[in-house]
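Student: First the structure, which I've put down as structure tokens, then a few questions once you've had a look.
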Amino acid sequence: MGRKTLVAEPRVERAAGTFPAVRLRRMRASSGLRSLIRETRLTPDRFVYPIFVHELPQDAAIESMPGQSRQAISSLPRLARRVCGLGVPAVILFGVPQVKDEVGSGAHDPRGVVQRAIATIKDAEPDLIVIADTCLDEYTSHGHCGIVRDGDVDNDETLELLARTAVSQAESGVDMVAPSDMMDGRIAAIRHALDETGHSAVPIMSYAAKYASAFYGPFREAAASRPQFGDRRSYQMDPANGREARREVALDVAEGADVVLVKPAMPYLDIVREVRTAFDIPVGAYQVSGEYAMIRAAALRGWIDEPAAALETLTAIIRAGADFVLTYFALDVAEWLAER
Ligand code: PBG
């Protein structure tokens, strides 16, 4: 009575495991404490930088993606050195050819824009991992990801062209091919073709769960690959479907994919987590052009703190389970992380 004791009396409010005994704010009190218990960390080696390459002699700014350009081939050695210098281990290349045709011949042209870009970068920076987007939409006059018959993309005819494209990328020295077309059976077709031509060491990064998304809008301006008719919903996934992503990934794993991607990233964090939990294969996520453009556009108007918002989205994507992220912010992020 009246004597203060340091030993808690067994009152109901002091029950172990609740407030006020437990105060989660204690471990948030300083930046040092927060750092000790941080569960997710960003480092530049978890990012892949997407590069658009065109056949003109000068770089050209991409209006819908401020800060990004279509690169001239002659600009690639300097850009590759910058990527390496920032500690970003890989780039993924998208070709923007001068000439397109019905069957996307430029995609497997040994002197095509991506083939030359691959050789140029590997020559300048042999240690930089060069991934090639393996798809036809940047090369077809109609903008679809394959051969069009009766108003729709013919799956099986397209496989042959995808396989030829992957082989020609491998012959140019690519480190990894990344089919983004969503044809059924393409991983098996590409794996078989690579193995038959002596490229069994080239891995396949499959865009396994790729959704028919509105967030690809700015990319289609950048790559001039907007479909001239219709849309891509007969081959890309319905954004409403989650379980189906597991089937897509399971098939690609069975066909020989080495790495799978979920795309877009932020609106599909549940899919990233699902794939991470259900499969042991490495999982990447693609923070696509529209995700980048939204943050950048708001930042340019002073409506959002760009580094904070971009880092938050990338932290969330990695927290959800991605091993690495393809992002147009890759170089900025590496710089922001170095400044901190
Ligand atoms: C198809 C491809 C697309 C993207 C990557 N590969 C476009 C599409 O499917 O329409 C989009 C990437 C982005 O929006 O950043 N080759």
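Student: Find which of Ser35, Leu311, Gly185 sits farthest along the positive direction of the dipole of the chain, computed with +1 on the beta-carbon of Lys and Arg, -1 on that of Asp and Glu, about the Cα centre.
Tutor: Ser35
Student: Where in region 89-130 does the label zone of Glu171 land, with the point 7 angstrom along Cα→C-beta and an amide N cut-off under 15 Å?
Tutor: Once the point is set 7 Å along Cα→Cβ of Glu171, 105-119 turn out to lie under 15 Å by backbone N, inside region 89-130.
Student: Continuing with the same structure: Work through the residues other than Val260 whose Cβ is under 9 Å from its Cβ and net out their charges, Lys, Arg +1 and Asp, Glu -1. If you can, show how the numbers build up before the last one.
Tutor: Details: positive: none; negative: Glu248, Asp252, Asp258.
Charge balance near Val260 sits at -3.
Student: Among Phe324, Phe47, which comes first, second and so on when ranked by fewest other beta-carbon atoms within 10 Å?
Tutor: Numbers: Phe324 19, Phe47 28.
In order of increasing Cβ crowding within 10 Å: Phe324, Phe47.
Student: Right, here's the next one. Contact order normalised by length for region 63-165, with contacts defined as Cα pairs under 8 Å and 6 or more residues apart; what percent is it?
Tutor: On the way: 133 pairs, mean separation 29.8, N = 103.
Answer for region 63-165 is 29 percent.
Student: Moving on to the next point. Any idea how far apart Gln58 and Glu221 come out in nm if each label point goes 7 Å out from Cα toward Cβ?
Tutor: It works out to 2.0 nm between the two label points.
Student: Run through the DSSP bridge list for the chain and note the antiparallel percent, rounded to the nearest 5.
Tutor: Values: 4 of 38 bridges.
Of the beta bridges lying entirely in the chain, close to 10 percent run antiparallel.
Student: When 1/r is averaged over all different Cα pairs and the result inverted, which Kirkwood radius in Å belongs to region 1-154?
Tutor: 20.2
Student: Shifting gears a bit: Taking 0.36 nm per residue of separation and subtracting the Cα-Cα distance, what length does fully extending Asp184 through Ile304 add? Write out the running numbers ahead of the final one.
Tutor: Numbers: separation 120, 0.36 × 120 = 43.20 nm, distance 4.05 nm.
Roughly 39.1 nm would be gained on extension.
Student: If you place +1 on the Cβ of every Lys and Arg and -1 on the Cβ of every Asp and Glu, how big does the dipole about the Cα centre of the chain come out, in debye to the nearest 20? Provide the component values of the computation, followed by the final result.
Tutor: Details: 39 positive and 47 negative charges, 509 e Å.
For the chain, the charge dipole is close to 2440 debye.
Student: Starting from 0.36 nm per residue, how many nanometres of slack lie between Phe279 and Met27 once their C-alpha separation is accounted for? Intermediate results must be reported in sequence, preceding the final value.
Tutor: Numbers: separation 252, 0.36 × 252 = 90.72 nm, distance 3.35 nm.
Extending this stretch completely gives an extra 87.4 nm.
Student: I need the shape label for region 62-132. Rule: rounded when a/c is under 1.5, else prolate if a/b > b/c, else oblate, with a, b, c from the alpha carbon gyration tensor.
Tutor: Working: a/c = 2.32, a/b = 1.43, b/c = 1.63.
Oblate, since a/c reaches 1.5 and b/c is not below a/b.
Student: Here is a follow-up. Please report how many Lys pairs in the chain have alpha carbons closer than 28 angstrom, counting only residues at least 8 apart along the chain or sitting on separate chains.
Tutor: On the way: Lys100/Lys122; Lys100/Lys210; Lys100/Lys263; Lys122/Lys263; Lys210/Lys263.
Qualifying lysine pairs in the chain: 5.
Readers should treat all values here as calculations from the given coordinates under stated rules, not as data from a laboratory. Bear in mind that the values here come from a model prediction, so they are computed numbers and not experimental data. Cβ sites come from the backbone with ideal geometry, for glycine too, and all protein chains shown count toward neighbours.
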